[in-house]
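**Q** Mind looking over this structure? Questions follow.
The values are calculated or read from the model by the stated rules, or taken from the named source; none is laboratory data. Note that the structure is predicted; figures quoted are calculated from it, not measured. FYI the Cβ positions are ideal-geometry reconstructions off the backbone, even for glycines, and counts take in every protein chain you see. Note: accessible area is taken over every heavy atom of the protein model, side chains too, but ligands, DNA and RNA are not part of it. Shrake-Rupley method; radii C 1.70, N 1.55, O 1.52, S 1.80 Å.
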Amino acid sequence: MNVMYPSEGNYDFSAADAIVDFAQANDMNVHGHALIWHNATPDWVTDFSGTDAEFEAIVQDYITTVVTRYKGKVRSWDVVNEAIDDGSGNPLRSSVFKDKMGDDYIRKCFQWARDADPDVLLFYNDYNIAASSSKRTAIFDLVDDLGNLIDGVGAQMHISYNGPSAADIQSVADATVSRGLKLHFSELDIRANPEGDQTTLTNERATAQKAKYKEVVQIYNAIPLDNKFALTVWGLRDNESWLIDFWGNLDWPLLFDENYNKK
């Protein structure tokens with residue numbers, strides 16, 4: 001939102017149009033990520049001083065405008081991203097959207113997206129869905145509340161060579177398939193140095209990382225075809241991964257090294 005709607009009444013679709021135009025010219029699908037994310041909210045929305053009703057109208061206009069613009073061009077959207085809190089109780093994360101629109105703001109956002117493009121696939125996307133059983137429960141409770149407004153679950157696969165377990169990852173797949181939804185193993189990268197104690201990618205860690213990648217792919221490949229959406233790797237080469245700046249230590253989480261050599 002901070003990119004496409006930087007100031008009130010002023011949409012900027014130049015970057016998004018470039019991506020969509022490239023995809024159309026090259027016969028590629030586009031997955032929209034993400035309409036609503038607390039970390040990508042423009043200041044003028046975060047600091048909005050009008051009424052709650054006026055705030056809601058702004059969000060409705062934004063979602064409607066964006067989804068309508070790319071109707072038939074964007075195949076799918078993460079409508080809301082990372083809305084579940086990480087605490088043990090796992091309520092909704094505190095955000096300006098929750099504060100001004102209420103606890104049902106996610107349903108409202110999904111409804112506006114559905115109204116704007118009845119044929120687009122709508123996803124909820126979040127992290128630690130495999131690693132935290134309480135968060136997984138909260139996410140699927142949210143999914144159940146959305147009913148027929150949601151088409152799929154985006155399970156961010158920011159994981160490590162040593163966890164979460166295959167059983168926990170399988171639980172995400174099972175919970176998605178049992179609901180008749182599409183599964184997106186999104187944002188896959190696998191930290192080889194989660195403790196920050198390695199100065200190089202050792203053969204031992206590289207082998208363990210390879211096995212974890214294979215495990216994730218095998219779990220995805222085993223689900224029914226109708227439930228498969230995509231498996232997305234979050235980056236191309238190790239030295240460009242977001243994880244290095246985020247955690248502040250060396251890591252080699254992707255499929256290619258810094259010279260684009262296959263690992």
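**Q** Name the residue, out of 85, 174, that is more than 27 Å from residue 48 (Cα to Cα) and open to solvent by 20 Å² or more (accessible area, probe 1.4 Å). Walk me through how you get there before you give the answer.
**A** Details: 85 fails: more than 27 Å from residue 48 (Cα to Cα).
Exactly one residue qualifies, and that residue is 174.
**Q** Which ones in region 38-70 are closer than 21 Å to residue 116 by Cα, of a type in the set (Asp, Glu) and touching a helix residue (DSSP H, G or I) at 6+ places or on another chain (Cβ under 6 Å)?
**A** 56
**Q** Restricting the search to region 140-150, which residues are under 15 Å from residue 177 (Cβ atoms) and open to solvent by less than 40 Å² (accessible area, probe 1.4 Å)?
**A** 140, 143, 150
**Q** Tell me whether region 80-94 contains one or more residues that are out of contact with any Pro (no Cβ under 7 Å at 6 or more places or on another chain) and in a helix (DSSP H, G or I).
**A** No: zero hits.
**Q** What's the total number of residues in region 107-145 that are over 27 Å from residue 216 (Cα atoms) and without any contact (Cβ under 8 Å) to a residue 60 or more places away in the chain?
**A** Counting residues in region 107-145 that are over 27 Å from residue 216 (Cα atoms) and without any contact (Cβ under 8 Å) to a residue 60 or more places away in the chain gives 12.
**Q** Also, I was wondering about something else. Taking region 159-171 only, how many residues are of a type in the set (D, E, K, R) and open to solvent by less than 30 Å² (accessible area, probe 1.4 Å)?
**A** Total meeting the criteria: 0.
**Q** Identify the residue in region 88-118 that is within 15 Å of residue 39 (Cα to Cα) and of a type in the set (Gly, Ala, Ser) and, among all such residues, is surrounded by the fewest Cβ atoms within 10 Å (Cβ to Cβ).
**A** Taking the candidates together, the pick is 94.
**Q** If you take the residues in region 1-49 that are assigned to a loop (DSSP other than H, G, I, E, B) and among the acidic types (Asp, Glu), which one is nearest to residue 61 (Cα to Cα)? If you could, list the steps in order and put the result at the bottom.
**A** Pass one, region 1-49, residues assigned to a loop (DSSP other than H, G, I, E, B): 1-6, 8-9, 11-13, 26-30, 41-42, 47-49.
Still in the list and also among the acidic types (Asp, Glu): 8, 12, 27, 47.
On the way: 8: 11, 12: 14, 27: 29, 47: 18 Å.
Looking at the filtered set, the residue picked out is 8.
**Q** Out of region 188-220, which residues are outside any helix (DSSP H, G or I), open to solvent by 10 Å² or more (accessible area, probe 1.4 Å) and of a type in the set (D, E, K, R)? Don't jump to the end; show me each part of the working.
**A** From region 188-220, those outside any helix (DSSP H, G or I) are 188-202; that's our starting set.
Filter again for open to solvent by 10 Å² or more (accessible area, probe 1.4 Å), leaving 191, 194-202.
Hits for region 188-220 are 191, 195, 197.
**Q** Out of everything in region 24-40 that is surrounded by fewer than 16 Cβ atoms within 10 Å (Cβ to Cβ) and of a type in the set (Gly, Ala, Ser), what residue ends up being farthest from the chain's Cα centre (by Cα)?
**A** Checking each candidate, the answer is 25.
**Q** Something else: From the residues in region 221-263 that are among the small types (Gly, Ala, Ser) and open to solvent by 50 Å² or more (accessible area, probe 1.4 Å), which one is nearest to residue 176 (Cα to Cα)?
**A** Here the answer is 222.
**Q** Which of the residues spanning region 192-224 are touching a helix residue (DSSP H, G or I) at 6+ places or on another chain (Cβ under 6 Å) and within 14 Å of residue 257 (Cα to Cα)?
**A** 192
**Q** Being under 11 Å from residue 172 (Cα atoms), in a helix (DSSP H, G or I) and among the aliphatic types (A, V, I, L, M) is the filter here, so list the residues in region 123-147 that pass it.
**A** Answer for region 123-147, where residues must be under 11 Å from residue 172 (Cα atoms), in a helix (DSSP H, G or I) and among the aliphatic types (A, V, I, L, M): just 139.
**Q** Pairs under 6 Å by beta carbon, first residue in contact (Cβ under 8 Å) with a residue 24 or more places away in the chain in region 47-74, partner small (Gly, Ala, Ser) and open to solvent by less than 80 Å² (accessible area, probe 1.4 Å), six or more apart or different chains?
**A** 63/113; 64/116; 67/113; 67/116; 68/116; 74/32
**Q** Under 8 Å by Cβ, and 6 or more places apart or on different chains, what pairs join a residue from region 22-35 that is over 26 Å from residue 82 (Cβ atoms) with one that is outside any helix (DSSP H, G or I)?
**A** Within 8 Å, the pairs are 22/28; 24/73.
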